[in-house]
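The values are calculated or read from the model by the stated rules, or taken from the named source; none is laboratory data. On a predicted model such as this, the values are computed, not experimentally measured, just so you know. With ideal geometry, Cβ positions are generated from the backbone for all residues, glycine too; neighbour counts draw on all protein chains shown.
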Amino acid sequence: MTPETYDIPGVTDDPVLRLIFNGEAATLHDAEELFLNASLADIARLIASPMGNDALLCHPLMRLLASHGSRGWEDSLL
Amino acid sequence: MTSDQKLADVITALESAGVHCLVMGGHAVRYYGLDRTTDDFDLHLAPDCWDDLTVRISRSDWFRNRNPVEVASWRVASFRRFQIGTLPSGREEWLEFWKENHLLPPFEDLFARREVGPYGGRECDFLSLPDLIRSKETEREKDWLDIQYLEEFHDARVTASVRSGIAQLGSALAQLRSRRGLETHLLARNLDDSSTVAHALSLATNPITVALLLPAARHATLPAIPIETAIVNRLRTLGVGSPLHLTLVEAVRRRYKQDAMQVDKADKQAIRARTDAKGE
């Protein structure tokens, strides 16, 4: 079995990790950035859905978006 | 000689040759407070200096001693670049002139709102900070790293001008771009009066500003700004500064960036297509 054919549930089927395995991203941060950029339509659909605000905030895609967000007061250069 | 002093020498030499310009690019970024490395000299030229630029430059001893070599630009009608040396690292050193930048208004407008400040031992004319931010909304990822910092600097300056009584709160809020700026206003309780925030929203020109302010004036009427209706509707239900509010701001910011990158890329592709067509 070659490495390309390995199937590790939770790893090889992870859309972010797949970007690294495919050579499209060099780091996890870069892979998450690519994934978020490609997911803007999905994010818009989630926001437009009838999901409540608390559930929306807990959605993995929204949590990933928040984790790649702007610096707050405590992390700013100023 | 520091990079700042070298820029100052370049400006002095250009002035002696009758060439007028505004500093943009990395040196302007440094002037406004981000201490990052830059070796190139990016300038926005007064249009009347464009046609005889080479002749004018050759009048200056500073440039004659460096034998500047003009290298073909793919934006033939609006951008010229001269190699003026080689750095100790082996990297080429460039002097670059914009006659008109596709992201910016005409030079006269830029000049009218320029900022004059000390740099490299003399006073230099810089693009205003909002114009500098706009000039960096390109398809290059590294420009957006600059923008992250410049937006914070701009918000801090505007907030300081409100504190010192120079600017009105409404007009300051209408320019808000950063999360740090939002948090500063929250701490100062500047968003408590929803009518002031609503006024700021009516003046806003950027969807990020709208996303930052809307939860503080949920019933405000919005100007015609491209922002998704579903996001607007959701923002009208949120507490200002709440985790979901900040997350939606990031959705708007990411969309704004992606759209701006696509516009810049399309502009470049159109120019290349025209150039290729002429070459056929």
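Might you let me know whether the stretch B:255-273 holds any residue that is in the same structural domain as B:T184 (by TED's automatic domain parsing), buried (at least 20 other Cβ atoms within 10 Å of the Cβ) and in contact (Cβ under 8 Å) with a residue 24 or more places away in the chain? Looking through the stretch B:255-273, at least one residue is in the same structural domain as B:T184 (by TED's automatic domain parsing), buried (at least 20 other Cβ atoms within 10 Å of the Cβ) and in contact (Cβ under 8 Å) with a residue 24 or more places away in the chain.
No other residue among B:P243, B:P207, B:P215 is crowded, with 18+ Cβ neighbours inside 10 Å, more than 19 Å from the chain's Cα centre (by Cα) and not β-branched (V, I, T) apart from B:P215. Against the conditions (1) without any contact (Cβ under 8 Å) to a residue 24 or more places away in the chain; (2) assigned to a helix (DSSP H, G or I), B:P88 satisfies every one except (2).
Among the residues of the stretch B:112-133, the one identified as part of a helix (DSSP H, G or I), surrounded by fewer than 18 Cβ atoms within 10 Å (Cβ to Cβ) and under 14 Å from the mean Cα position of the chain (by Cα) is B:P130.
Of all the residues in the stretch B:193-212, those that are touching a His at 6+ places or on another chain (Cβ under 9 Å) and in contact (Cβ under 8 Å) with a residue 24 or more places away in the chain number 3.
Applying the criterion of being at pLDDT below 90 and within 19 Å of B:T2 (Cα to Cα) to the residues of the stretch B:69-88, the residue that is surrounded by the fewest Cβ atoms within 10 Å (Cβ to Cβ) is B:P88. The requirement of being of a type in the set (V, I, T), modelled with pLDDT of 90 or more and out of contact with any His (no Cβ under 6 Å at 6 or more places or on another chain) is fulfilled somewhere in the stretch A:38-52, by at least one residue. The listed residues are B:E93, B:E151, B:E108, B:E137, and the only one of them that is more than 14 Å from chain A (Cβ to nearest Cβ), in contact with a Ser or Thr (Cβ under 7 Å, 6 or more places away or on another chain) and either surrounded by fewer than 20 Cβ atoms within 10 Å (Cβ to Cβ) or not in a strand (DSSP E or B) (or both) turns out to be B:E93. Just one of the listed residues (B:R66, B:R91, B:R30) is closer than 18 Å to B:Q5 by Cα and modelled with pLDDT under 90, namely B:R66.
Which residue is farthest from B:W98 (Cα to Cα), if the candidates are limited to the stretch B:30-55 and must be of a type in the set (D, E, K, R) and outside any loop (DSSP other than H, G, I, E, B)? Top of the filtered list is B:R30. Taking first residues from the stretch A:38-50 that are without any contact (Cβ under 8 Å) to a residue 40 or more places away in the chain and partners that are of a type in the set (D, E) and buried (at least 16 other Cβ atoms within 10 Å of the Cβ), the Cβ contacts under 8 Å between residues at least 6 apart in sequence or on separate chains come to A:A44/B:E228; A:I47/B:E228; A:A48/B:E228. Restricting attention to the stretch B:169-187, the residues that are touching a Ser or Thr at 6+ places or on another chain (Cβ under 9 Å) and farther than 27 Å from B:V29 by Cβ total 2.
When restricted to residues that are β-branched (V, I, T) and either at positive phi or within 7 Å of another protein chain (Cβ to nearest Cβ) (or both), the stretch B:228-243 contains 2.
Among the residues of the stretch A:5-41, those that are farther than 22 Å from B:Q262 by Cβ and part of a helix (DSSP H, G or I) comprise A:T5, A:P15, A:V16, A:L17, A:R18, A:I20, A:F21, A:L28, A:H29. The single residue among B:L246, B:L222, B:L214 that is part of a helix (DSSP H, G or I), away from chain A (no Cβ under 11 Å) and in contact with a helix residue (DSSP H, G or I) (Cβ under 8 Å, 6 or more places away or on another chain) turns out to be B:L214.
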